[in-house]
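Step one of this worksheet: look at the structure below.
The values are calculated or read from the model by the stated rules, or taken from the named source; none is laboratory data. Predicted model only: the values in this text are computed from it and were never measured. In this analysis, Cβ positions are derived from the backbone assuming ideal geometry, glycine residues included, and neighbour counts consider all displayed protein chains. Surface accessibility is based on the protein's heavy atoms, side chains included, excluding ligands, DNA and RNA. Shrake-Rupley method; radii C 1.70, N 1.55, O 1.52, S 1.80 Å.
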Amino acid sequence: MLNWAHIDSVLLDLDGTLLDLHYDNYFWNEFVPARYAQNRSLSVTDAKAKLLPRMLELQGTLEWYCVDFWSRELDLDILALKTELRHLIKLRPGARSFLSYLQTRPQRVILATNAHLKSVALKFQQTGLAPLFDRVITSHELGHPKEEQAFWEKLHLLEAFDPKRTLFIDDNLTVLEAAACYGIGHLLAVSRPDLTQPLRTLPGGFTGLDHFDDLLPSDCPRVMF
């Protein structure tokens with residue numbers, strides 16, 4: 001259980017935290033290479049061999065998270081492909097219950113995501129989560145990914161939160177390290193971002209979270225969908 005008396009603000013990631021990362025993993029590792037291969041008369045194996053180095057090169061940058069960038073880079077309509085696969089967008093266990101519980105509390109609840117605005121809009125359409133946040137902030141709006149200190153500095157200009165009295169939940173360990181460096185006082189690392197994969201072992205210093213029900217009082221109503 002969290003000590004809510006020590007928390008004024010809650011920052012939440014989207015993909016791999018509130019949502020099952022299987023959608024994004026399957027999309028980028030399988031679906032996009034298959035369509036790229038089809039468009040260029042390549043084998044899927046050859047397409048993956050071509051795409052993977054480029055993706056790894058850009059990982060952790062704004063371009064890596066940008067729908068428009070990859071549409072231009074791959075000559076594919078990435079948003080249309082994401083929409084085609086939207087049935088795989090799923091909430092993580094307990095995520096809606098946790099967000100609903102936060103609505104009963106005084107803490108300010110902010111979605112802080114690296115996801116592109118177009119991706120966020122699609123996932124909100126699929127899940128109906130938008131009304132459960134006080135504010136939605138994307139790294140593209142701030143011009144820096146969450147991996148960079150500039151993101152946190154600009155976020156702080158928009159939201160006058162006290163870092164020491166802020167809870168931040170994310171699945172990306174590099175992002176969590178950046179948040180810790182900025183002084184965020186309460187950090188939780190999602191231990192199984194992709195629900196088709198086993199629990200991962202977290203480095204020392206990180207407190208793991210597998211199910212949002214673990215953060216709820218025993219008498220709190222659970223939302224099953």
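Worth pointing out:
- Selection of the stretch 9-47 for residues being of a type in the set (D, E) and surrounded by fewer than 16 Cβ atoms within 10 Å (Cβ to Cβ) yields E30, D46.
- For the stretch 90-107, filtered to residues that are more than 22 Å from D8 (Cβ to Cβ) and surrounded by fewer than 19 Cβ atoms within 10 Å (Cβ to Cβ), the residue that is modelled with the highest pLDDT is K90.
- Residues of the stretch 35-82 that are of a type in the set (G, A, S) and under 22 Å from L122 (Cα atoms): G60, S71, A80.
- Residue that is nearest to L19 (Cα to Cα), among those in the stretch 51-89 that are among the basic types (K, R) and surrounded by fewer than 16 Cβ atoms within 10 Å (Cβ to Cβ): R86
- Matching option when the condition is surrounded by 21 or more Cβ atoms within 10 Å (Cβ to Cβ), at pLDDT 95 or above and under 22 Å from K90 (Cα atoms), among F151, F168: F168
For (1) in contact with a helix residue (DSSP H, G or I) (Cβ under 9 Å, 6 or more places away or on another chain); (2) within 19 Å of N25 (Cβ to Cβ), each residue gets a yes or a no:
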residue: L142; (1), (2): yes, no
residue: D162; (1), (2): no, no
residue: D171; (1), (2): no, yes
residue: A179; (1), (2): yes, no
residue: L187; (1), (2): yes, no
residue: R192; (1), (2): no, yes
residue: L202; (1), (2): yes, yes
residue: S218; (1), (2): no, no
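- For T138, the test of being within 22 Å of Y65 (Cβ to Cβ), surrounded by fewer than 17 Cβ atoms within 10 Å (Cβ to Cβ), of a type in the set (S, T, Y) and within 13 Å of the chain's Cα centre (by Cα) is failed.
- If only residues of the stretch 171-212 that are over 19 Å from H6 (Cα atoms) and of a type in the set (S, T, Y) are counted, the one that is most open to solvent (accessible area, probe 1.4 Å) is T201.
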